[in-house]
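Remarks on the structure that follows.
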């Protein structure tokens, strides 16, 4: 009797677990089925490296948006990663327990703020600030990078902190016993030892940044042209879908799905890289 | 190991069957729902027309409580496609029909002016159509070239597929020039208006009915962007708001179209800032 019950519950859970997998498969198949025809028609190289996006005239080039995604994400990493790593070192090594108990939930809260709120805040505060003090229209790579830098903080901080805390205790004890100062121990021992975890954290943060849509639609300006400075407006792959899907039909819609394929490939590569790095560390 | 694998496969197969069953049941209940739903009028299309159609539909449903009108956005292109395929009883379009779409039945429910707007702090009051075209084609890049301050013009446009963008392209850019790809793109009239209200160097275009005191509508060749000037034809930037249908509407749908064209319906649209329709039904 008990055995049947056990087996039944096992199967129910397996069925539910498989249904999540099937959703992934359904979405992937759908995106590919919808997007591949237009890529085939235009040609992969013309689609990925084409400079002109004018779906109503039959031009489907997404290169400016790839450049847009890369530049905004790179900006977010440059601004956000150093802050995140310093913050996690502080939390893992320096912060007194009381302070840590305030910081951790606060950072988790940062992850819980809806992206549209970040975008709204960016439009009201960051965009006018850039327009008034740095010039240009304000809607720019810089505005998007600042918003995304804040949005990736929770991801990068928590994974980095966990990977520092996961180091064996005797690493630190040994170093301190040998007469290294606390900072020397962190710099020359803990950080190098946690390196793969930190790299994985950064990659996951970048994945989060490159997939973000709502907040960046509001602050990037969405122009489909190669930027010449960080004060220029750009469009990312995600915002291209977000801003045009309402009106798209026919080939235009297919081209947006094709944009989704490119995005999916980029994010899959990033996630695979992060997992590879973490696994390599474990197997050692 | 082998035995374990076989067991797992068996489990997966059983689970797969379970999933199919669950899916089939869900689909069944969903289609059951749609069969039961009330028959009403489905209107879909241009997001420029949508808010006005909603206001008229609300009024109509108060007068005819038995009729349900469902109004959805999607854009002019979607509206025309939905009318062609019969998915929607009425498609809304904020641009004239293209030649290949002329086979559809359509009626102009109102006209809308297209206002070229700048920040109220901008000293420029008046541009010619050529100057507006030059600004959007990026042959004119500073306000100084058109009598303003010596700063760069921030060009704001709508996204590809928008009826307002395609009306602007038809009316201003013509066939040979294009809106510069470096233009900032916003995805609604409201977003364009907000950006122009915030940025003293911006220029944008929105529906005339949506101009408020936070932005300044430019004169075009000395002619003010007002409803009267659109009506008498002196202000050139205007576009039709169309109701499109696969064939001439009948029954409930016809009643709704008749209502929007009636004096009462037209008055509602006028109060909301549109220009009453001058033409009757098309083919």
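Determine whether the range B:204-223 contains at least one residue that is touching a strand residue (DSSP E or B) at 6+ places or on another chain (Cβ under 7 Å), within 14 Å of chain A (Cβ to nearest Cβ) and either modelled with pLDDT of 90 or more or surrounded by fewer than 19 Cβ atoms within 10 Å (Cβ to Cβ) (or both).
Checked the range B:204-223: at least one residue is touching a strand residue (DSSP E or B) at 6+ places or on another chain (Cβ under 7 Å), within 14 Å of chain A (Cβ to nearest Cβ) and either modelled with pLDDT of 90 or more or surrounded by fewer than 19 Cβ atoms within 10 Å (Cβ to Cβ) (or both).
Among the candidates A:158, A:140, A:163, single out the residue that is within 20 Å of residue A:236 (Cβ to Cβ), assigned by TED's automatic domain parsing to the domain that holds residue A:213 and crowded, with 16+ Cβ neighbours inside 10 Å. Step through it out loud before you land on a result.
Working: A:158 fails: within 20 Å of residue A:236 (Cβ to Cβ); A:163 fails: within 20 Å of residue A:236 (Cβ to Cβ).
Within the list A:158, A:140, A:163, the selection yields A:140.
Identify all residues within the range A:218-240 that are surrounded by 20 or more Cβ atoms within 10 Å (Cβ to Cβ) and either more than 14 Å from chain B (Cβ to nearest Cβ) or in a helix (DSSP H, G or I) (or both); write none if there are none.
Result: A:218, A:219, A:220, A:237, A:238, A:239, A:240.
Output the residue which, of all residues in the range A:129-139 that are within 10 Å of chain B (Cβ to nearest Cβ) and outside any helix (DSSP H, G or I), is modelled with the highest pLDDT.
Looking at the filtered set, the residue picked out is A:139.
From B:230, B:257, which residue is closer than 26 Å to residue B:101 by Cα, at pLDDT below 90, crowded, with 19+ Cβ neighbours inside 10 Å and touching a strand residue (DSSP E or B) at 6+ places or on another chain (Cβ under 7 Å)?
Numbers: B:257 fails: at pLDDT below 90.
Testing whether each residue is closer than 26 Å to residue B:101 by Cα, at pLDDT below 90, crowded, with 19+ Cβ neighbours inside 10 Å and touching a strand residue (DSSP E or B) at 6+ places or on another chain (Cβ under 7 Å) leaves just B:230.
Among the residues of the range B:161-180 satisfying the criterion of being part of a loop (DSSP other than H, G, I, E, B) and touching a strand residue (DSSP E or B) at 6+ places or on another chain (Cβ under 7 Å), which is farthest from residue B:129 (Cα to Cα)?
Among them, the one singled out is B:180.
What is the residue count in the range B:161-180 for residues that are within 20 Å of residue A:246 (Cα to Cα), at the interface with another protein chain (Cβ under 8 Å from one of its Cβ atoms) and modelled with pLDDT of 85 or more?
1
Within the range B:102-124, work out how many residues are assigned by TED's automatic domain parsing to the domain that holds residue B:258, touching a strand residue (DSSP E or B) at 6+ places or on another chain (Cβ under 8 Å) and not in a strand (DSSP E or B).
Count: 1.
Which members of the range A:55-73 meet the condition of being under 22 Å from residue A:228 (Cα atoms) and either surrounded by fewer than 15 Cβ atoms within 10 Å (Cβ to Cβ) or in contact with a strand residue (DSSP E or B) (Cβ under 8 Å, 6 or more places away or on another chain) (or both)? Spell out how you get there, then give the answer.
Within the range A:55-73, the first condition is being under 22 Å from residue A:228 (Cα atoms), and the residues that meet it are A:60-73.
Once the filter is applied, which keeps residues that are under 22 Å from residue A:228 (Cα atoms) and either surrounded by fewer than 15 Cβ atoms within 10 Å (Cβ to Cβ) or in contact with a strand residue (DSSP E or B) (Cβ under 8 Å, 6 or more places away or on another chain) (or both), the range A:55-73 yields A:60, A:61, A:62, A:64, A:65, A:67, A:68, A:71, A:72.
Tell me, which residue of the range A:53-69 that is out of contact with any helix residue (DSSP H, G or I) (no Cβ under 8 Å at 6 or more places or on another chain) and under 20 Å from residue B:98 (Cβ atoms) is nearest to the other protein chains (Cβ to nearest Cβ)?
Out of the qualifying residues, it is A:54.
One residue is enough: does the range B:222-243 have a residue meeting the conditions over 19 Å from the mean Cα position of the chain (by Cα), farther than 20 Å from residue B:274 by Cβ and not in a loop (DSSP other than H, G, I, E, B)?
Looking through the range B:222-243, none of the residues is over 19 Å from the mean Cα position of the chain (by Cα), farther than 20 Å from residue B:274 by Cβ and not in a loop (DSSP other than H, G, I, E, B).
State whether the residues of the range B:139-150 include one that is buried (at least 19 other Cβ atoms within 10 Å of the Cβ), within 14 Å of chain A (Cβ to nearest Cβ), in contact with a helix residue (DSSP H, G or I) (Cβ under 8 Å, 6 or more places away or on another chain) and at pLDDT 90 or above.
no
Tell me the residue from A:201, A:255, A:215, A:273 that is in a helix (DSSP H, G or I), over 23 Å from residue B:157 (Cβ atoms) and either within 11 Å of another protein chain (Cβ to nearest Cβ) or modelled with pLDDT of 90 or more (or both), please.
Result: A:201 is the single residue among A:201, A:255, A:215, A:273 that is in a helix (DSSP H, G or I), over 23 Å from residue B:157 (Cβ atoms) and either within 11 Å of another protein chain (Cβ to nearest Cβ) or modelled with pLDDT of 90 or more (or both).
As an exercise: evaluate residue A:263 against (1) touching a helix residue (DSSP H, G or I) at 6+ places or on another chain (Cβ under 6 Å); (2) at the interface with chain B (Cβ under 9 Å from one of its Cβ atoms) and give the number of the one condition it does not meet.
(2)
Being out of contact with any helix residue (DSSP H, G or I) (no Cβ under 7 Å at 6 or more places or on another chain) and in a loop (DSSP other than H, G, I, E, B) is the filter here; which residues of the range B:42-67 pass it?
Across the range B:42-67, the qualifying residues are B:47, B:49, B:64, B:65, B:66.
The values are calculated or read from the model by the stated rules, or taken from the named source; none is laboratory data. Only a predicted model underlies this, so the values are computations on that prediction, with no experimental measurement involved. We place every Cβ from the backbone using ideal geometry, glycine too, and count neighbours over all the protein chains shown.
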